[in-house]
Amino acid sequence: MQKIFVVDDERQIADGLSVALREAQFNVETFYDAGSALLRAKNYLPDILISDVVMPGMDGVALAQILQKLNPICK
């Protein structure tokens with residue numbers, strides 16, 4: 001089962017998308033900031049990242065670049 005990180009500073013969007021993906025039988029973890037997702041990635045790398053681009057602190061593009069370095073198959 002593919003592991004998906006959903007990252008969005010808007011909780012309603014992140015939670016709604018996560019629920020839909022879980023109902024579709026995906027293994028989903030939800031984060032409300034890039035830093036939290038990176039901390040989790042130290043022990044659990046995602047196969048797929050779905051992220052807001054504009055967030056306080058680190059943006060979604062920078063997060064994607066770091067995660068792809070940690071796990072080159074991450075989409």
*Which of the residues belonging to segment 49-62 are touching a strand residue (DSSP E or B) at 6+ places or on another chain (Cβ under 6 Å), under 17 Å from Arg11 (Cβ atoms) and of a type outside the set (S, T, N, Q)?*
Ile50, Gly60
*From Leu67, Leu63, Leu49, residue being part of a strand (DSSP E or B) and within 19 Å of Leu17 (Cβ to Cβ)*: Leu49
*Would you check if there is a residue in segment 36-48 being among the hydroxyl-bearing types (Ser, Thr, Tyr) and either open to solvent by less than 40 Å² (accessible area, probe 1.4 Å) or out of contact with any strand residue (DSSP E or B) (no Cβ under 9 Å at 6 or more places or on another chain) (or both)?*
no
_Given the criteria aliphatic (A, V, I, L, M) and surrounded by fewer than 19 Cβ atoms within 10 Å (Cβ to Cβ), does Leu70 qualify?_
yes
*Hey, can you tell me all the residues within segment 16-27 that are part of a helix (DSSP H, G or I) and under 12 Å from Phe5 (Cβ atoms)?*
Leu17, Ser18, Leu21
*Out of the residues in segment 28-46 that are polar (S, T, N, Q) and not in a loop (DSSP other than H, G, I, E, B), which is nearest to the chain's Cα centre (by Cα)?*
Thr30
*Which one of Ala20, Ala62, Ala24 is surrounded by 14 or more Cβ atoms within 10 Å (Cβ to Cβ) and either out of contact with any Leu (no Cβ under 9 Å at 6 or more places or on another chain) or closer than 20 Å to Ile73 by Cα (or both)?*
Ala62
*Hey, Asp9 hits all of (1) out of contact with any Gly (no Cβ under 7 Å at 6 or more places or on another chain); (2) surrounded by 13 or more Cβ atoms within 10 Å (Cβ to Cβ); (3) assigned to a helix (DSSP H, G or I) but one; which does it fall short on?*
(3)
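The values are calculated or read from the model by the stated rules, or taken from the named source; none is laboratory data. Note that the structure is a prediction, hence the values are computed from the model and not measured. Note that we place each Cβ from the backbone using ideal geometry, even for glycine, and neighbour counts take in every protein chain shown. Calculation scope for accessible area: heavy atoms of the full protein, side chains included, ligands and nucleic acids excluded. Shrake-Rupley method; radii C 1.70, N 1.55, O 1.52, S 1.80 Å.
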